[in-house]
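What follows is a short report on a single structure.
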Amino acid sequence: MSNPLIAIPIFMPIVLVCLALGVAILRAVVGRSHSLLEACVFGAALGFGALSYSVLAVGLAGALTAPFLIGLLVMLALVSFPSMRVILPSLVSAVGSRRAVKLRATDALMLLGVSILGALALIGALSPPGTTDWDGLAYHLAVPKLYLAAHRIFYVPFTSHSNFPFLTEMLYTLGLAFHGPALAKLFHYAMYLVTAGGIFALCRRHVNPTAGSIGALLFMSVPLVIWEAGAAYADITTAMYLLLAAYAVLNWEESGGRGWLAVAGIMSGFALGTKMLALVPIGALCLWVLWLSRSKGGLRSAMLVGLTAAVVGAPWYIKTYLYTGNPVYPFFSNIFGGRNWSPADAELYRAAQQAMGMGRSALDFIGIPWNVTMNGGAFYDAPVMYGLLGPAFLGLIGAQILVGGSNRAVQRLAFVSSVFVCAWFFLMQNARYMITVLPFLSIIAGAGAATAFGSWKIGRIVVAGFVVMCVGLGIVAGNSLVIGSARAAVGLESADSYLSRSFGPYDAHSFINNATPNDARVLLFDEPRGFYLDRPYIWADPGHHRLIPWDKFRNSDEMVRFFGRERYTHAVINWALMRGKEDYEMLIFQAIGSGEFLEIFSSNDVSVYEIREP
């Protein structure tokens, strides 16, 4: 891997092309924007979405090679060039005018907080993905790497996750093609910044500037968000598009311009392209539009949002249907069925989702705000730090309820958030999924703080101190997340050295890459993070697919003979994660005892075995 810092100058021209393209689309649909900031946040989001769909088209056409991808970017740059000639001078002028403005002490402190938080998340984004990037190494980055190796998008049978909507992953594909993980992760980091900018811009137009400053700062300081901004996940992308969909509906409500409803539909469609879970808040948005325009053709307005979202989001679900027979694979397999999936697999997946949280009784529902804030570890299957949402929402949303007044934007966002939280409570109590509505909650909390500043003379210092404490917690958490990888992020430590000491399976994967034949085929047991492997591999544990008939093996001989027929030559076992209680694990122990699995390398509790048929 080359120096991660090189990813930044490669990334900036791509961002500029996306921004110019998105601003051109925005102007074609709605005309002039309320502000340059508003145009930029909508433009960046639209441009990223357009780029993602372009990469999808190239991949489905079987042309995922560097020359074709460079040609794609050149073509988009030419299309967006007229818009670029307009937006660049505006940005330069805006930056110059800001330098001449004398900042107040509070503004300077907020800017300092944003800069520190942004820098911490950037270190995470530039760091080689390792232990803190589980899903990234398992599929967000790993599947795009497989696509690039094959020069096309294809059905990946060993992980159901490859059939999720992959809008963000198409951007990761582009990043991996041009530089590697650092450039790929910068796309998710960009979503983090655009979301914060969207919070600020929305509040400037529909709430007040103070709420926007505090709301953006609170969002950026959530420990869970700081971690994700530096990882190759997709939740912040979903949050960004849903925030901007709601922002567009608020603009429509204010101005009456139906173009904003079309923009809301496009943003909703992009959100559907990142996660199926986005359907819940999108449904709430449609109900919001229907209610507001019930006497003026409300159904047509709601359908404009809903149908546009369906059309824009449809390609991912059509692709999944063509690959698996189920448009929402692997969910609702009892209704739609699905290729390479069974009721037992579905039950294992459902049980894993239901395992997180603190119960689903009426009392548990009432206790959500307290429990999510004070018991974050119960809502995430990782170290407690990753599950922390921080105390800001519990404290400041309470202030908004007490003295918040009747700001319509805050009311609308509270409605959408409430619908989502109800669905989240019953479906999957994973703190990470709460990122979906954290921008909404950040605006509500920011509005609560801003209102408290104006209403409580005695409590003003208390509220300000509370905000500073929340941001300080985020800075401490962010620092603890990236302190071990900072040297690798700036190129002072090699990626090999950093990963060897921090990511358990890395040495085993490096051994396979360097010491096995090119035609070696690898089985991964209790270790789905195969991104660093350069040999064909599959997740071998039961519960992911039906490629291995575990229920038919009577002994290890039958299992090993099957592996031989399928030309699997090696196995990797992460002993730190193996429970040793499952039936398939007993067969593996038998194979090791009989010499059919012969250990040829071991490091950090991860072993490599050569498979020998009896």
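The values are calculated or read from the model by the stated rules, or taken from the named source; none is laboratory data. On a predicted model such as this, the values are computed, not experimentally measured, just so you know. Every residue, glycine as well, gets a Cβ built from its backbone with ideal geometry; the counts of neighbours run over all protein chains shown. Ligands, DNA and RNA are excluded from the accessible area calculation, which covers all protein heavy atoms including side chains. Shrake-Rupley method; radii C 1.70, N 1.55, O 1.52, S 1.80 Å.
Assorted remarks:
- Charge dipole of the range 187-275 (Cα centre as origin; +1 on each Lys and Arg Cβ, -1 on each Asp and Glu Cβ, all else neutral): 120 debye, rounded to the nearest 20.
- Span from the the range 17-42 Cα centroid across to the the range 489-522 one, whole angstrom: 43 Å
- Förster-model FRET efficiency, 45 Å R0, Trp575 and Phe336, C-beta, rounded to 0.05: 0.75
- Pairwise FRET efficiency - Ile70 versus Arg294, Cβ, R0 = 45 Å, nearest 0.05: 0.35
- For the range 173-217, diffusion coefficient by Stokes-Einstein and Kirkwood Rh (Cα), 4 °C, 1.567 mPa s, µm²/s: 112 µm²/s
- With each label modelled as a point 7 angstrom along the Cα→C-beta vector, the Met374-Glu566 pair spans 4.8 nm.
- Of the accessible area of the chain, computed with a 1.4 Å probe over protein heavy atoms only, carbon and sulfur atoms account for 65 percent.
- Sum of side-chain charges, Gln590 neighbourhood, beta-carbon under 12 Å (Lys, Arg +1; Asp, Glu -1): -4
- Mean silhouette area of the range 168-277, derived from the convex hull of its C-alpha atoms and averaged over all directions, reads 7.1 nm².
- Net charge contributed by nearby residues that have their C-beta within less than 12 Å of Leu224 (K/R +1, D/E -1): -1
- The range 516-559 - Kirkwood radius from inverse mean 1/r over Cα pairs (Å): 11.9 Å
- Kirkwood Rh (inverse of mean 1/r, distinct Cα pairs), the range 394-482, angstrom: 14.3 Å
- Sequence-distant residues sharing a close amide H with Met578 (under 5 Å, placed H): none
- For the pair Ile600 and Val490, the difference between a 0.36 nm per residue extended length and the Cα-Cα distance amounts to 36.1 nm.
- The range 300-427: C-alpha gyration tensor shape, a/c 1.5 cut-off, then a/b vs b/c: oblate
- Surface accessible to a 1.4 Å probe, per residue, for the residues of the chain, Å²: 40 Å²
- Helix 209-221 and the longest principal axis of the Cα set of the chain meet at an angle near 10°.
- Compared with the dominant principal axis of the Cα atoms in the chain, helix 408-427 is inclined by about 20°.
- Relative contact order of the range 158-258: 27 percent, from C-alpha pairs under 8 Å at least 6 residues apart in sequence.
- Cα-based helix-to-principal-axis angle, 105-126 vs the chain, degrees rounded to 10: 20 degrees
- Net charge in the neighbourhood of Gly273 (other residues with Cβ under 15 Å of its Cβ; Lys, Arg +1, Asp, Glu -1) is 0.
- Spin-label model, Ser93/Phe365: points 7 Å from Cα along the beta carbon direction are separated by 5.3 nm.
- Here the alpha carbons of the chain define both size measures, Rg and Dmax, at 24.7, 81 Å.
- A simple spin-label model places pseudo-atoms 7 Å from Cα toward Cβ; at Phe589 and Asp557 they are separated by 2.1 nm.
- Using a cutoff of 8 angstrom between alpha carbon atoms and counting only pairs six or more residues apart, the relative contact order for the chain works out to 16 percent.
- Cβ crowding within 10 Å averaged over residues, with 209-220, 19-30 ranked highest first: 209-220, 19-30
- Highest-first arrangement of 283-291, 255-263, 127-135, 66-74, where packing means the average Cβ count within 10 Å: 127-135, 283-291, 255-263, 66-74
- In percent, rounded to a whole number, the relative contact order of the range 280-366 is 13, using alpha-carbon pairs under 8 Å and six or more apart.
- Once the Cα gyration tensor of the range 495-602 is diagonalised, semi-axes √(5λ) in Å: 24, 15, 13
- With only the Cα atoms considered, the range 203-253 has a convex hull volume of 63 Å³ per residue.
- Note, ³J(HN,Hα) from phi for the range 548-558, Karplus 6.51, -1.76, 1.60, rounded to Hz, x at Gly and Pro: 10, x, 4, 6, 9, 7, 8, 7, 5, 4, 5
- Plainly put, the range 1-143 has a radius of gyration that is 1.02 times its Kirkwood radius, both from alpha-carbon atoms, as the Rg/Rh ratio.
- Euclidean distance of C-alpha centroids, the range 279-342 and the range 117-187, integer Å: 25 Å
- Segment Ser500..Arg152, full-extension length gain: 122.2 nm, with 0.36 nm per residue of separation and the alpha-carbon distance subtracted.
- Kirkwood hydrodynamic radius of the range 272-362, from inverse mean 1/r over distinct Cα pairs, in Å: 15.5 Å
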